[in-house]
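Engineer: One structure follows; several queries about it will come next.
The values are calculated or read from the model by the stated rules, or taken from the named source; none is laboratory data. Being a predicted model, the structure only gives us computed values, none of them experimental. Reconstructed Cβ throughout: ideal geometry from the backbone, glycine too, with neighbour counts over all protein chains shown. Just the protein is used for accessible areas: all its heavy atoms, side chains included, with ligands, DNA and RNA removed. Shrake-Rupley method; radii C 1.70, N 1.55, O 1.52, S 1.80 Å.
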Amino acid sequence: MVFSGGTTPFSRSAAVALLREFSHTVQGFRFTVNTRKTRVVPPGARRAVLGLLVDGDALRLTPDFKARLRGHLYGIEKFGLRSHQQHRDFASLAGMVNHIDGLIAYALGAEAEWARPVRERWQAALCAQGWTFD
């Protein structure tokens, strides 16, 4: 869950009080709030939710996400599917391909303009190694 103060001035004490009240309400339903995943983010700080930056006018992928995806593509293009699978410790080749497909699908939903050329590069890398698409 994400709570935003909108245009109201930031107050850490008000944010902590809201979290306390929310936690109490959740406990009433026999759930608990995972405090390791709970953050109070002050104004001006980077805000990321589910790996997406939400601090601007539009959702954006994090630089780390983009770098990880580009790293997969580079490794596959330079060393091949099998070598990259082994280097990154994927249990199976199909599992790695599915994982990268999923990352690209996620990116397409968040930042399609950035992700489209990445998908083309991914498909070209797979085709170069004998994979076909239906």
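Engineer: State whether one or more residues within region 104-111 are of a type in the set (D, E, K, R) and open to solvent by 60 Å² or more (accessible area, probe 1.4 Å).
Structural biologist: The answer is no; no qualifying residue exists.
Engineer: What number of residues in region 112-128 are open to solvent by 80 Å² or more (accessible area, probe 1.4 Å) and not basic (Lys, Arg)?
Structural biologist: 3
Engineer: Just for region 42-82: of the residues that are in a helix (DSSP H, G or I) and without any contact (Cβ under 8 Å) to a residue 12 or more places away in the chain, which one is least open to solvent (accessible area, probe 1.4 Å)?
Structural biologist: GLY71
For (1) in a helix (DSSP H, G or I); (2) not hydrophobic (A, V, I, L, M, F, W, C), each residue gets a yes or a no:
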position	(1), (2)
HIS84	yes, yes
ASP89	no, yes
HIS99	yes, yes
LEU103	yes, no
ALA115	yes, no
GLN123	yes, yes
THR132	no, yes
